Amino acid sequence: MSFLAGGSEMARRIREFDWSAHPFGPIETWPQSLRSALGICLNSAFPTAIYWGPDLRLLYNDSWSTIPGPRHPACLGEPANEVWSDIWHVIEPQFTQVIESGEGLALDDQFLPMRRFGYEEETYWSYNFTPIRGEDGAIEGIFNSGQETTAKVLKQRQTGFLLRLADTLRASADSRSALEAGCRLLGEHLGAIRVGVREKDKDDGQLHIHTEWTAEGTEKIGSTFPWSQLGSIAEALRNRQVVRIDRTESLDKDEARTLAALGAAAVLALPLHRSGELSTILFVHRPKDQPWLDEEVATAEQVFERIIRAIERQRAQEREKALTDEIDHRARNMLGVSQALIRMTEAEDVEAFRESLMRRTRALGNSLQVLSSQKWAGAGFDDLLRQELAPFAPDDPGRITLEGPKVLVPPLKAQPVSMALHELVTNAVKYGGLSGADGTLEISWVIGPDSVLAVDWRERNVTPGDDAKTGGSGFGEKLLKMMIESQLGGSLSREIGGGTFRCRLEIPLPPDD
């Protein structure tokens with residue numbers, strides 16, 4: 001019995017096992033070839049097993065005992081086709097080859113779809129089968145040793161996937177196509193039926209589905225999916241937690257029903273926070289119960305990060321182009337404004353002319369400095385008006401009239417309001433009421449219901465023939481509409497004719513801004 005000596009768990013289990021009714025019979029009757037092979041097996045530090053007899057019944061050491069999962073220790077002495085019924089279609093031909101050829105077999109990174117814990121696992125193994133011959137020279141069993149290589153295979157696959165992803169994102173024409181390509185590649189990589197991104201909408205503050213990829217035959221959720229139906233999941237994401245759900249059936253009944261209707265048996269969701277609030281979510285749906293491996297979550301996080309970077313890079317380019325267009329527009333405006341300043345300046349001699357022109361250009365510089373500022377704590381509406389009008393104030397103070405209450409413009413709205421006023425003033429100087437000697441400008445404002453700032457702008461004695469220019473449809477007009485309607489959420493109406501230009505602005509200024 002020396003081949004069973006030692007304090008290992010499996011040596012003890014084999015000694016204590018009742019072999020009298022087993023096909024192997026009592027240990028004392030075991031052939032020397034089995035005893036020798038088992039002695040090597042039990043004393044090996046490497047995962048090692050023996051399949052013995054016509055049924056290939058199993059004996060193994062401590063290092064190998066974790067491989068069958070919860071099938072240990074009941075699998076001791078059991079036939080291989082029962083122990084490994086889930087992968088028998090893979091390993092049975094390998095056993096047959098070794099027995100028939102009498103030669104060993106070695107495999108690297110062999111895929112074995114095991115079902116050890118109630119679900120199918122994607123596992124990979126490097127192992128060998130070596131024939132064991134009995135006393136008469138016939139093959140009586142198979143010596144098996146090996147180890148799992150799943151982590152290595154998945155890591156290699158992850159690296160290849162990330163390289164393909166990087167190439168795809170670089171080749172994407174814009175942020176939308178980059179995001180869609182990232183979702184598609186991740187879905188195919190993880191065997192998902194749906195991958196999507198939720199983004200907070202700047203208008204209603206809700207997390208709507210921004211982009212969604214689905215496998216063939218899977219319906220899209222659509223942008224109107226009610227976020228409120230995912231109570232515990234939504235709460236976890238708000239708390240910056242990664243959500244890993246291996247079985248959606250384990251969730252609250254309502255949540256499980258919602259996800260089941262989408263065909264999602266397993267769910268992964270990653271949050272992104274900005275300024276302390278949940279702003280973007282990447283979600284992945286699988287069609288069957290399956291645990292999310294750490295490698296898969298890490299891959300999804302890297303994809304999410306790269307997608308966000310690609311989106312931000314593209315949006316930065318779009319902002320840069322818009323800024324370049326605006327700078328070009330302002331440069332052209334500056335030429336016209338400079339010409340208007342020279343035309344408006346009157347003096348009795350050269351020195352007086354120079355002094356007056358310098359005063360106006362300094363005021364113009366102050367106005368441009370306000371426009372470029374990003375660090376305001378808020379500004380009075382009348383201050384913004386006076387700052388814009390200062391460079392062009394005529395010698396006759398009656399030509400410009402301002403009337404309205406004190407109104408504080410919140411920080412986030414001060415700059416777009418100033419830019420809108422700048423466009424109106426520039427047009428007045430170049431084409432409107434301030435372009436000629438007899439023109440006038442009247443501006444009045446009130447705070448109406450729901451804290452809406454209503455501004456009435458009226459220019460009189462507009463130079464004949466300049467009506468169309470005053471209400472032009474070029475970049476300045478587009479910029480004005482963008483500031484008032486898109487950025488400020490307000491409205492703009494214009495009326496031109498009979499030497500008069502009228503404009504009405506309505507800008508919401510919520511009390512909590």
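The values are calculated or read from the model by the stated rules, or taken from the named source; none is laboratory data. Remember, predicted model here, so these are calculated numbers, not experimental data. Glycine also receives a Cβ, built like all others from the backbone with ideal geometry; neighbour counts cover every protein chain displayed. In case anyone asks, the SASA skips ligands and DNA or RNA and just uses the protein heavy atoms, side chains included. Shrake-Rupley method; radii C 1.70, N 1.55, O 1.52, S 1.80 Å.
Look at Arg238 and say whether it is in contact with a strand residue (DSSP E or B) (Cβ under 8 Å, 6 or more places away or on another chain), of a type in the set (Lys, Arg) and crowded, with 17+ Cβ neighbours inside 10 Å. Working first, answer last.
Working: in contact with a strand residue (DSSP E or B) (Cβ under 8 Å, 6 or more places away or on another chain): yes; of a type in the set (Lys, Arg): yes; crowded, with 17+ Cβ neighbours inside 10 Å: no.
Against the criterion (in contact with a strand residue (DSSP E or B) (Cβ under 8 Å, 6 or more places away or on another chain), of a type in the set (Lys, Arg) and crowded, with 17+ Cβ neighbours inside 10 Å), Arg238 does not qualify.
Could you tell me which residue of region 501-513 is farthest from the chain's Cα centre (by Cα), considering only residues that are at pLDDT 75 or above and open to solvent by 20 Å² or more (accessible area, probe 1.4 Å)?
Arg502
Considering (1) open to solvent by less than 60 Å² (accessible area, probe 1.4 Å); (2) modelled with pLDDT of 95 or more, say which one Phe3 fails and leave the rest.
For Phe3, the exception is condition (2).
Looking only at region 394-406, count every residue that is closer than 13 Å to Leu441 by Cα and either of a type in the set (Asp, Glu) or under 47 Å from the mean Cα position of the chain (by Cα) (or both) and tell me the total. Give the derivation first.
Let us first name the residues in region 394-406 that are closer than 13 Å to Leu441 by Cα, namely 394, 396-403.
Filter once more, so that each one left must be either of a type in the set (Asp, Glu) or under 47 Å from the mean Cα position of the chain (by Cα) (or both): 396, 403.
So the count comes out to 2.
Just a yes or no: is a residue in region 165-188 of a type in the set (Asp, Glu), in contact with a Gly (Cβ under 6 Å, 6 or more places away or on another chain) and under 17 Å from Phe304 (Cβ atoms)?
Taking every residue of region 165-188 in turn, none turns out to be of a type in the set (Asp, Glu), in contact with a Gly (Cβ under 6 Å, 6 or more places away or on another chain) and under 17 Å from Phe304 (Cβ atoms).
Considering Gly141, Gly182, Gly187, which residue is open to solvent by less than 20 Å² (accessible area, probe 1.4 Å), assigned to a helix (DSSP H, G or I) and at pLDDT 90 or above?
On the way: Gly141 fails: assigned to a helix (DSSP H, G or I); Gly182 fails: at pLDDT 90 or above.
Within the list Gly141, Gly182, Gly187, the selection yields Gly187.
So, in region 273-296, how many residues would count as being in contact with a strand residue (DSSP E or B) (Cβ under 7 Å, 6 or more places away or on another chain) and crowded, with 18+ Cβ neighbours inside 10 Å?
Total meeting the criteria: 9.
Return the residues of region 99-129 that are β-branched (Val, Ile, Thr) and open to solvent by 60 Å² or more (accessible area, probe 1.4 Å); say none if nothing qualifies. Lay out the reasoning, then the answer.
Keep residues of region 99-129 that are β-branched (Val, Ile, Thr), which gives 99, 123.
Listed by number, the list holds a single entry, Ile99.
In region 260-277, how many are on the phi < 0 side of the Ramachandran plot and modelled with pLDDT of 90 or more?
First, pick out the residues of region 260-277 that are on the phi < 0 side of the Ramachandran plot: 260-262, 264-274, 277.
Cutting the leftovers down to modelled with pLDDT of 90 or more gives us 264-273.
Here the count works out to 10.
Taking region 408-454, which residues are modelled with pLDDT of 85 or more, in a loop (DSSP other than H, G, I, E, B) and either among the basic types (Lys, Arg) or surrounded by fewer than 19 Cβ atoms within 10 Å (Cβ to Cβ) (or both)?
Matches in region 408-454: Gly448 only.
Does any residue in region 239-256 that is in contact (Cβ under 8 Å) with a residue 40 or more places away in the chain and closer than 20 Å to Glu296 by Cβ come within less than 8 Å, Cβ to Cβ, of a residue that is open to solvent by 80 Å² or more (accessible area, probe 1.4 Å) and in a helix (DSSP H, G or I) six or more places away or on a different chain, and which pairs are these?
Val242/Glu301
Limited to region 377-393, what total is found for residues that are of a type outside the set (Asp, Glu), modelled with pLDDT of 85 or more and more than 42 Å from the chain's Cα centre (by Cα)?
2
Could you run through region 45-77 and say how many residues are hydrophobic (A, V, I, L, M, F, W, C), within 19 Å of Gly104 (Cα to Cα) and surrounded by fewer than 17 Cβ atoms within 10 Å (Cβ to Cβ)?
1
Output yes when any residue across region 317-328 is closer than 20 Å to Gly196 by Cα, assigned to a helix (DSSP H, G or I) and polar (S, T, N, Q), and no when none is.
Looking through region 317-328, none of the residues is closer than 20 Å to Gly196 by Cα, assigned to a helix (DSSP H, G or I) and polar (S, T, N, Q).
Just to be sure I understand, how many residues within region 1-12 are closer than 16 Å to Ser44 by Cβ and among the basic types (Lys, Arg)?
Of the residues in region 1-12, 0 are closer than 16 Å to Ser44 by Cβ and among the basic types (Lys, Arg).
Does region 429-445 hold any residues that are of a type in the set (A, V, I, L, M, F, W, C) and in contact (Cβ under 8 Å) with a residue 60 or more places away in the chain, and which are they? Show your work before the answer.
Here is the first cut: in region 429-445, the ones of a type in the set (A, V, I, L, M, F, W, C) are 429, 434, 437, 441, 443, 445.
Those that are of a type in the set (A, V, I, L, M, F, W, C) and in contact (Cβ under 8 Å) with a residue 60 or more places away in the chain: Val429, Leu434, Trp445.
Looking at region 7-30, which of the residues that are open to solvent by less than 50 Å² (accessible area, probe 1.4 Å) and farther than 12 Å from Leu59 by Cα is nearest to the chain's Cα centre (by Cα)?
Ser8
Anything in region 146-161 that is among the polar types (S, T, N, Q) and either open to solvent by less than 20 Å² (accessible area, probe 1.4 Å) or touching a His at 6+ places or on another chain (Cβ under 9 Å) (or both)? List them, or say none.
First, the residues of region 146-161 that are among the polar types (S, T, N, Q): 147, 149-150, 156, 158-159.
Residues satisfying the conditions are Thr149, Thr150, Gln158.
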